[in-house]
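Participant: If you scroll down you'll find the structure; I have some questions about it.
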């Protein structure tokens, strides 16, 4: 059965203008109480009794029909945006807590005051509610929850199992798409690539695709540099190659010392038999295995498949370090900085992090934590349900497990100190930008625009976003230029990009409540681009967004940039000015993103052939045609009878291909 959803609505209010601050709301348990009659003040933020009363009235209306069952609730603001997503063992009791705002912290009072409607999803169990809550938080990004914004998937090593000669390769993405054994996760692509290269030297496993394997007639370069045994041309039997695969699997599962001992013994035996060539091969394989382990920063041989997660909090910010230990080896670590309210404790942030972190990746059997987390048994049960095996959450007190947690905690503390230093430096730079361009406040969102094309082909526009914490890469946008009249015209392309970006912003967020509106727009270009940008925004009725164009100086010399502003003469900065470096970095990032996007489009276009244009010819039939004829040109020249003999190409499809190239269809 699926969770059932019930939606309630209320008349929107227009007095919801309280500040937007991300935080997780953990309602206190308590009986329904009357709203406080006086204004509540904390640090300059205030919520009036009238605003609070309206929010509580909305919540009380929903209480009349709420069931006493597990589920998830969403609190929505006046613009329809989700303010908060929460789960409950008993929806009626949990939501009733919000009708007593006098007992709640100010952040919860702000959220109650902004609430104009609520939505509910009932579930069968509290565990299902917890899993659904994590999914909705990651998808909707409500500003009153703890948010794990930088939650990417990690690469794994895959040894395939659907071929007589399994392939060793890197895998990132959905596991169901590939068959085989997965090993990891690795914290970075460079770490997994380095490990695969060493595994090839040690176990001589192929990394080529199945199609390339099938088409080989002689050994490739991997065989020549002693990284493969060339099973594609019969240089290795299925049995011998299978032994190599089994050894690789055993090594990756933690039996590294056993495999190295076997190779060392074989090396000595070959040396005693005066077979120095074989001994040298085993020596190289032992060195390759040693190199894999030499790159491990820490080694805990008694720990098998474990994630070590430690948090450190200071100044209202939290860093969470995740270390991946597999088979006693360290597969890397990654630092996270979740968004949350300053009043949240480290245990609350860590608990919310766990469920969101494992929402798109399987947890190992053991997760070591630096702090006890709220609802510990419930989170463990949710992870067990997601992983399909028992998951233990433990806070070790002594021994090797405790040393692993302390090592992760030290890294979390150091990473947070670096982030805080960078944030302070970033704040000074943004204050300098505000002073340079006469802005009222330091910009919290800067959007930088650039274009890229080659002689009017594959024209794209690009937008990058930067803020107090650096580049906001999940806010980057690509624009495919669609107007043929502006292809290759930089100013015309800029006009189209700005019109599309801000017309959509006006449609989706006309009240500018989402935080997605820029405080400063930087255009890569000179006076012409500035004029076009101002005209585009004015045409949309937007004349309050600061716009600046940044152009390189004479001879396109970096360091002599000129900045063009409306109704002012161009200005320049001293070559060593830190604000200039910052603005150059923003411009260069937009340039990199634009060129990279253009290169991807160009490469993709180069990879297409005329066969892709034939209706009904997908990847499988295209592959069959190219393998049979060798090239698209040969397919075009083939006769009808030649096309009909190909596996997977029926007489009807063969006629369609023939007619496409010969102009009869």
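Participant: Given the conditions (1) within 22 Å of residue 600 (Cβ to Cβ); (2) at pLDDT below 90; (3) surrounded by fewer than 18 Cβ atoms within 10 Å (Cβ to Cβ), which single one is not true for residue 481?
Facilitator: (3)
Participant: Same structure again: Yes or no: residue 424 crowded, with 16+ Cβ neighbours inside 10 Å, outside the structural domain of residue 309 (by TED's automatic domain parsing) and without any contact (Cβ under 8 Å) to a residue 40 or more places away in the chain?
Facilitator: No; evaluated as a whole, the condition is false for this residue.
Participant: Let me ask something else. Among (1) touching a residue at least 40 places away in the same chain (Cβ under 8 Å); (2) surrounded by 14 or more Cβ atoms within 10 Å (Cβ to Cβ), which single condition is residue 615 missing?
Facilitator: All conditions are met except number (2).
Participant: Surrounded by 14 or more Cβ atoms within 10 Å (Cβ to Cβ) and in a strand (DSSP E or B): is that true of residue 505 in this structure?
Facilitator: In short, no.
Participant: Taking the conditions exactly as written (touching a helix residue (DSSP H, G or I) at 6+ places or on another chain (Cβ under 7 Å) and part of a loop (DSSP other than H, G, I, E, B)), does residue 371 satisfy them or not?
Facilitator: It is true that residue 371 is touching a helix residue (DSSP H, G or I) at 6+ places or on another chain (Cβ under 7 Å) and part of a loop (DSSP other than H, G, I, E, B).
Participant: Hey, any hits in segment 340-355 for a residue that's part of a strand (DSSP E or B), in the same structural domain as residue 405 (by TED's automatic domain parsing) and modelled with pLDDT of 85 or more?
Facilitator: No, because not a single residue in segment 340-355 is part of a strand (DSSP E or B), in the same structural domain as residue 405 (by TED's automatic domain parsing) and modelled with pLDDT of 85 or more.
Participant: May I ask you to verify whether residue 560 is in a loop (DSSP other than H, G, I, E, B), in the same structural domain as residue 598 (by TED's automatic domain parsing) and surrounded by fewer than 17 Cβ atoms within 10 Å (Cβ to Cβ)?
Facilitator: Considered against the rule, which asks whether it is in a loop (DSSP other than H, G, I, E, B), in the same structural domain as residue 598 (by TED's automatic domain parsing) and surrounded by fewer than 17 Cβ atoms within 10 Å (Cβ to Cβ), residue 560 comes out as yes.
Participant: Cβ-Cβ distance below 9 Å, separation of 6 or more or different chains: which pairs start in segment 261-272 with a residue that is closer than 17 Å to residue 250 by Cα and assigned by TED's automatic domain parsing to the domain that holds residue 284 and end on one that is at pLDDT below 85 and not in a helix (DSSP H, G or I)?
Facilitator: Pairs that qualify, where the first residue is closer than 17 Å to residue 250 by Cα and assigned by TED's automatic domain parsing to the domain that holds residue 284 and the partner is at pLDDT below 85 and not in a helix (DSSP H, G or I): there are none.
Participant: Are any of the residues in segment 388-406 outside the structural domain of residue 586 (by TED's automatic domain parsing), free of Cβ contacts under 8 Å to residues at least 40 places away in the same chain, out of contact with any helix residue (DSSP H, G or I) (no Cβ under 7 Å at 6 or more places or on another chain) and closer than 21 Å to residue 571 by Cβ?
Facilitator: no
Participant: Name the one entry in 567, 588 that is in a loop (DSSP other than H, G, I, E, B), closer than 30 Å to residue 535 by Cβ and either more than 35 Å from the chain's Cα centre (by Cα) or at pLDDT 80 or above (or both).
Facilitator: Of the residues listed, the single one that is in a loop (DSSP other than H, G, I, E, B), closer than 30 Å to residue 535 by Cβ and either more than 35 Å from the chain's Cα centre (by Cα) or at pLDDT 80 or above (or both) is 567.
Participant: Within segment 632-648, can you find the residues that are within 20 Å of residue 214 (Cα to Cα) and surrounded by 12 or more Cβ atoms within 10 Å (Cβ to Cβ)?
Facilitator: Of everything in segment 632-648, those that are within 20 Å of residue 214 (Cα to Cα) and surrounded by 12 or more Cβ atoms within 10 Å (Cβ to Cβ) turn out to be 632, 646.
Participant: Additional query: Check 526, 488, 541, 515 and return the single one that is over 22 Å from residue 593 (Cα atoms) and out of contact with any helix residue (DSSP H, G or I) (no Cβ under 9 Å at 6 or more places or on another chain).
Facilitator: Exactly one residue qualifies, and that residue is 515.
The rows are residues; the columns are (1) more than 40 Å from the chain's Cα centre (by Cα); (2) modelled with pLDDT of 80 or more; (3) in the same structural domain as residue 217 (by TED's automatic domain parsing).
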position: 598; (1), (2), (3): no, no, no
position: 618; (1), (2), (3): no, yes, no
position: 621; (1), (2), (3): no, yes, no
position: 651; (1), (2), (3): yes, yes, no
position: 658; (1), (2), (3): yes, yes, no
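Participant: (1) assigned to a helix (DSSP H, G or I); (2) at pLDDT below 85: which one isn't true of residue 211, the others all being true?
Facilitator: (2)
Participant: Taking segment 427-444 only, how many residues are in a loop (DSSP other than H, G, I, E, B) and crowded, with 17+ Cβ neighbours inside 10 Å?
Facilitator: Count: 3.
Participant: Tell me, which residue of segment 586-602 that is touching a strand residue (DSSP E or B) at 6+ places or on another chain (Cβ under 8 Å) and within 18 Å of residue 474 (Cβ to Cβ) is surrounded by the most Cβ atoms within 10 Å (Cβ to Cβ)?
Facilitator: Only one residue fits best here, namely 590.
Participant: Something else: Quick check on segment 241-255. Is at least one of its residues modelled with pLDDT of 90 or more, outside any loop (DSSP other than H, G, I, E, B) and within 30 Å of residue 626 (Cα to Cα)?
Facilitator: Yes, segment 241-255 has at least one match.
The values are calculated or read from the model by the stated rules, or taken from the named source; none is laboratory data. Not measured: the values here are computed from a predicted model. Cβ sites come from the backbone with ideal geometry, for glycine too, and all protein chains shown count toward neighbours.
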